[in-house]
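Since every read-out is calculated from the coordinates, none of them should be taken as a lab result. Predicted, not measured: the structure shown is a model, and the values here were computed from it. Please note: Cβ atoms are built from the backbone with ideal geometry, for glycine as well, and neighbour counts cover all protein chains shown.
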Amino acid sequence: MASGNLDNKGKGKAVLNDDISAPMAVDAVPLMAAGSSGGESVRSAAAEAIPPAAMAAPPAIHPGSQFQQLDKSLILLIKCVMQQCVRAMEAGNTEAANSALVALSSVSSLDGDTIQRLTSAFTEALARRALEPLQGLSWSVQEQLRTPPPPAYAAVARQWFHSLCPLLRAASLAANHAIVKAVEGEQDVHVVDLGGANPRQWIELLRLLAAHPGGAPSSLRLTIVSDHAFFLTCATEVLTAEATRLHVPLVLNPVRAHIDNFSPTVIASLGVQRGPALVLSSTLQLHRLIADATIVRHAEREHETMTRADALLHVLRDLSPKLLVLTEQEADHNDGGEGRGGLWDRVNSAFDYYAVLFNDLEVSHVPRESLDRAVVERLHLREEIVDIVARDGAARRERHEKMLRWVPRMAAAGFQPAAVTMDGFKETMRLANQLSDGDRQKPLYRVTAVKGCFFVHSCWAPMFSVSLWQPAPGDDQ
């Protein structure tokens, strides 16, 4: 992605360079037919229209899958073979890399148990990386290796993941309680979803506001950003119906855009105005901008080069929100963290992280043969794994970072931690306990709170962070 410029004209305001087209109008767009890859049936099914009502309630829990304790000795063996594959690729030894891939393929299956499914995704990612340098591959094959699924497929798969992942249900509840507390007593409220959230989160927010002792705000505006027109149409329909049922005065502002391509025009289309209490929410999105460099121009001092993530945070700070809710993966897949930086460290860390997510889908009793699970695993989690393992440079978007690295970034942009409320913490803990259901076969979901941040755990592994931020006082950035 071409780098943009920021110009603050000496007034302390970071402004995105308007070099990207305006957001498209919200209308139905045809979904592309799937290509010739092995996931054609899954992609075609994912592209089918989902009834809007499906967004309004949590998915049914299906009996059928049996819990399988992850085999640590098998995981260790698979990691040893993956490490051999990585070392062979780094040494340019194609034959040794291929031998390792053959061995990994022998324990891989799209429809098998957790480890087989997980290994299948990593084997594909490593194979794509091994093929990338080969000059003999045709241009079309090279493009297929580099290109992620079309946005329509990715959007559907991401929403299904949010529906099926217990950890994200807990994360969204923590975010909603923080929002309710932040706007307590406010009668004019504007919530901006910068992308990534499931409409169910905003349905639950409407219910929390309606049930609040002080009642819902007399004016509530909700801006939702997405690059998928059908998603925006469905979200608008279900949220309007729920607001009507609850007698909550809701105005919806759907914006067709993606955080990768934010520009001044997109920022303006969010409709932020002085007066209403503003809440900003970003769900598993902001890390995508860490790969891109941009320039902040100053009138009275030297220009600065920073990531687009940092630049956007400065812009968001200038909007003066009462609260910014940032939900991110609690993982280090961006190199350089904790003394690491090589490809193998990235692969090793990602394998551990995604093993938890694949296992959570297994123990959630979603049948192995179900379409919704196949869509999540093959079009969402698998694509993230391919991005982390097989891509480099600006093409690699899934640059997950732990909260330890987000804290200085937020501070540099002019934010300080906001308080975590005890009510929000207790309610999120209650949901985590309900999801665990007292069943020893299920992982123990836990929620911990540190200053300004919730951490959602599976067993003892922190998987997602929900951090709360507000503008630092006296900061004129």
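Counting only C-alpha contacts under 8 Å and six or more residues apart, can you give the relative contact order of region 279-408 as a whole percent? Each step should come with its number before you reach the end.
Values: 140 pairs, mean separation 41.9, N = 130.
It rounds to 32 percent for region 279-408.
Suppose a student asked you for the relative contact order of region 379-451, using Cα pairs under 8 Å spaced at least 6 residues apart; what percent would you report?
Numbers: 31 pairs, mean separation 15.3, N = 73.
In percent, rounded to a whole number, it is 21.
As an exercise, use a Förster radius of 30 Å and the Cβ-Cβ distance of Arg274 and Ala394 to find the FRET efficiency, rounded to the nearest 0.05.
The computed FRET efficiency comes out at 0.25.
Gain on full extension, evaluated as 0.36 nm per residue between Cys80 and Ser218 minus their Cα-Cα distance, stands at 43.7 nm. Modelled label positions at Val251 and Asp335, each set 7 Å beyond Cα in the direction of Cβ, lie 4.6 nm from each other.
Summary value for region 161-259: 29 percent relative contact order, contacts being C-alpha pairs under 8 angstrom separated by 6+ residues. Cross-link pairs exceeding 30 Å between alpha carbons, from the set Lys181/Lys402; Lys79/Lys451; Lys72/Lys451: Lys79/Lys451; Lys72/Lys451.
With +1 on each Lys and Arg Cβ and -1 on each Asp and Glu Cβ, how big is the dipole of region 201-297 about its Cα centre, in debye rounded to the nearest 20?
Numbers: 7 positive and 6 negative charges, 55 e Å.
In total the dipole reaches around 260 debye.
Please compute the length gained on full extension between Thr244 and Trp460, using 0.36 nm multiplied by the number of residues separating them and subtracting their Cα-Cα distance.
Numbers: separation 216, 0.36 × 216 = 77.76 nm, distance 4.11 nm.
Fully extending the segment from Thr244 to Trp460 adds 73.6 nm.
Between beta-carbons, use under 11 Å as the cut-off and find the net charge around Ala419, counting Lys and Arg +1, Asp and Glu -1.
That works out to +2.
A simple count of charges around Ser219, restricted to other residues whose Cβ falls under 10 Å of its Cβ and scoring Lys, Arg +1 and Asp, Glu -1, yields -1.
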